[in-house]
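The values are calculated or read from the model by the stated rules, or taken from the named source; none is laboratory data. Source: prediction; values computed, not measured. Methodologically, a virtual Cβ is constructed for each residue, glycine included, from the backbone with ideal geometry; neighbour enumeration extends over all protein chains shown.
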Amino acid sequence: MAVFGKCIRGAALLAGVAMVWAAPAAADTIKIGAPLSVTGPASFLGDPEARTLQMYVEKLNAEGGVNGKQLELIVYDDSADANKARTFATRLVEDDQVVAVVGGSTTGTTMAMIPVFEEAGIPFISLAGAVVIIDPVKEFTFKTPHTDRMACEKIFADMQTQGIARIGMISGTGGFDKSMREQCLEVVGNYGIEIVADETYGPSDSDMTPQLTNIKNAAGLQAVVNPGFGQGPAIVTRNYKQLGIDVPLYQSHGVASKSFIDLAGDAAEGVRLPASALLVAEKLPDDDPQKAVVVEYKTTYEEKTGQPVSTFGGHAYDGLMILVEAMQRAGSEDPKAIRDEIEKTSGFMGTAGVVNMSPDDHMGLDLTAFRMLEIRGGDWTLVE
Amino acid sequence: MGRLLSHRLAVPLVIALLVVALSFAMPSNFYYRVAALVWISALAVIGLNLLMGYAGQVSLGHAGFFGIGAYAVAVLPAQFGLHPLVAALLGAFATAALAFLVGRPILRLKGHYLAVATLGFGILIAMTISNEAWLTGGPDGMPVERLTLFGWRVRGADTWYWITGGLLVIGAWIACNLVASPTGRALRALHDSEVAARVAGIDVARAKLTVFVISAVYASVAGSTLALLNGFVTPDKANFLHSIELVTMVVLGGMGSVLGSLAGAAILVVLPQVLTGFHDYEHMILGLIMMVIMIVLRAGIVPSLAALFKGRWKK
């Protein structure tokens, strides 16, 4: 116990540590917060988002800023930890006194931050997917990415036009897969489609032949959908080919990257999936109203970073531009005024599609946001 | 003075004074929140330190207990309409029962085997939480009902600063009492040599199990408190990385030191906030600081510094 007593000095040291960090000085800039998952398990989301925001804030500032003021972007890395995200949200509101926030890479971090921004009355444009973020509508919360439900609807709509009515579903047990599977089950009835087989696999499974065999044996099977993310869908695609299942296979927007085609190889031929226009920027017809935006973003991003463009960075671009346009319309940096103008966003053309927000819809995207793609000759092709 | 400081009330008093003194230096709610997070982490770390520092047993699954506490206050009020405090209490009981059940076989293992067994146990809990989406909201987490006490809605970082600070003082007080009790002496004896302790008439298995259950309850209470403070829980608080973080806090601050637990928690919670200015180099600097501390202050911050001061005084 004697050792304990002496530790009173440790306490003094601790108090010193706690008081060291000081608040940054205020300047005549417009502060925008960006709590993103730059490192950690969701860095594939946060990293392109952070790069995009930094790139475009720089560009806007070089062009004279917004409303005659320079933008100041404050990026914090929450490494996909909801607790950290919440702390940074408090810091952005209390300490940095930002006027608006574009961030929240994952649904978990976004949901943890929403109460902070709602309470403080700071407009928050989330970059995460799930529909719970904007349904029910929260006064100050918006989001730019399309939802899983829309991906399901896009797939089912495509099936409907082809007269497909009986399908099998196979999905993983990870977060994305599970959420999308539920959304698909919710909307499938609206399209007169019946799910005749519903199988799942673990995130690290290396063979899905047994599940696919069950699906293959379902009577009257006309197509299979695989709401999945990561390497699972690539294995499903390979096994699908090996088993010689000859009905169409639909993948989700979760695999809309070149690495899926590389992993699945020849088996990927003929696979259909809904994806953002960004993926096929150059292939869009010239009269497509979205072409200019996606080509501009794609080339800027790839030139500046030397990395292939990702749809996630595109969500950050949309969020920032919606915010900037709202600030220009509001002509002020009052958070409430900005919020009102964000809600009035209409006809905004982003990388995810046309955004028309309203008091009941804080995302504002419709099904045209997705393009139905088919993999042909190892590359994406538009089928619409 | 020296005798006064070695009293079993000294450490809780020091912490209480620190909580009060720091409250005068808080410029905004953000600082209150960071401090509250330090108090919560410190509470869990004190519990783990009892197990690691005094009884000499490793647990790499403590985040699992933390997660049980956190999800108890999230799930029970949402599903059964229980009051959050009742839920926290039930969570603590469930944790104690679970720790008792798994502790009996697991604590027979030693060293690496014990570490791996607790590791597996922690991962099991984390997996259950993220897989049972119908109950826990899955990987995206779930909201936690706001705490109301006698019609008063508990909110605001400053309020939570006092609540968590109070809990920490109570936790430190219990820990100091435990250490000074016959059980505490038994623990230190078995830390030094289990055989010798057994020869001296100590029921080794029982002493280990007792401290394992107690430390699990600490983690559970800390988890419940964090969930109530945040109003939202995600499974990452129950996962392996969080277990490692807790163990790191124990080792960094100093094994077998209640104040060390606080120091370790403070450093790992506060430093990432201080280092945000370094962007890409944040993790490098954090790692470097931790390495330097462990090289220079081998026994952990508080015990090493205490030994240093003690040496100076004697000269």
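Remarks
- The stretch B:24-81 - residue that is within 13 Å of chain A (Cβ to nearest Cβ) and of a type in the set (S, T, N, Q) and, of those, nearest to residue B:110 (Cα to Cα): B:49
- Residue selected from the stretch B:239-249 under the condition within 12 Å of chain A (Cβ to nearest Cβ) and within 10 Å of residue B:66 (Cα to Cα), by the criterion modelled with the lowest pLDDT: B:239
- Residue in the stretch A:92-112 that is farthest from residue A:333 (Cα to Cα), counting only those that are assigned to a loop (DSSP other than H, G, I, E, B) and more than 9 Å from chain B (Cβ to nearest Cβ): A:105
- Spans of helices (runs of 4 or more DSSP H) in the stretch B:168-238 with at least 3 residues at positive phi and within 14 Å of chain A (Cβ to nearest Cβ): none
- Once the stretch A:152-177 is narrowed to residues that are within 14 Å of chain B (Cβ to nearest Cβ) and touching a strand residue (DSSP E or B) at 6+ places or on another chain (Cβ under 7 Å), the residue that is modelled with the lowest pLDDT is A:173.
- Residue in the stretch B:91-108 that is basic (Lys, Arg) and closer than 27 Å to residue B:15 by Cβ present: no
- When the test is whether a residue is assigned to a helix (DSSP H, G or I), within 13 Å of chain B (Cβ to nearest Cβ), among the hydrophobic types (A, V, I, L, M, F, W, C) and crowded, with 23+ Cβ neighbours inside 10 Å, residue A:89 passes it.
- Against the test of being out of contact with any His (no Cβ under 8 Å at 6 or more places or on another chain) and more than 14 Å from every other protein chain (Cβ to nearest Cβ), the options A:136, A:123, A:115 yield a single qualifying residue, A:123.
- When residue A:274 is tested against (1) part of a helix (DSSP H, G or I); (2) within 16 Å of the chain's Cα centre (by Cα); (3) not hydrophobic (A, V, I, L, M, F, W, C), just one condition goes unmet, and that condition is (1).
- Residues (under 11 Å from residue B:235 (Cβ atoms) and either hydroxyl-bearing (Ser, Thr, Tyr) or out of contact with any helix residue (DSSP H, G or I) (no Cβ under 8 Å at 6 or more places or on another chain) (or both)) located in the stretch B:110-132: B:127, B:128, B:130
- Among the residues listed as B:231, B:184, B:223, the single one being in contact (Cβ under 8 Å) with a residue 12 or more places away in the chain, under 18 Å from residue B:42 (Cα atoms) and surrounded by 15 or more Cβ atoms within 10 Å (Cβ to Cβ): B:223
- Test for residue A:300: is it under 17 Å from residue A:57 (Cα atoms), modelled with pLDDT of 90 or more and out of contact with any Asp or Glu (no Cβ under 7 Å at 6 or more places or on another chain): yes
- Restricted to the stretch B:1-115, the set of helices (runs of 4 or more DSSP H) holding at least 2 residues that are buried (at least 22 other Cβ atoms within 10 Å of the Cβ) and aromatic (Phe, Trp, Tyr) comprises B:29-49, B:62-80.
- Residue that is surrounded by the fewest Cβ atoms within 10 Å (Cβ to Cβ) [pool: residues in the stretch A:134-168 that are among the β-branched types (Val, Ile, Thr) and in contact (Cβ under 8 Å) with a residue 40 or more places away in the chain]: A:137
- If the condition is being farther than 18 Å from residue A:182 by Cα and in a loop (DSSP other than H, G, I, E, B), then the stretch A:203-229 contributes A:204, A:205, A:206, A:207, A:208, A:217, A:218, A:219, A:220, A:221, A:222.
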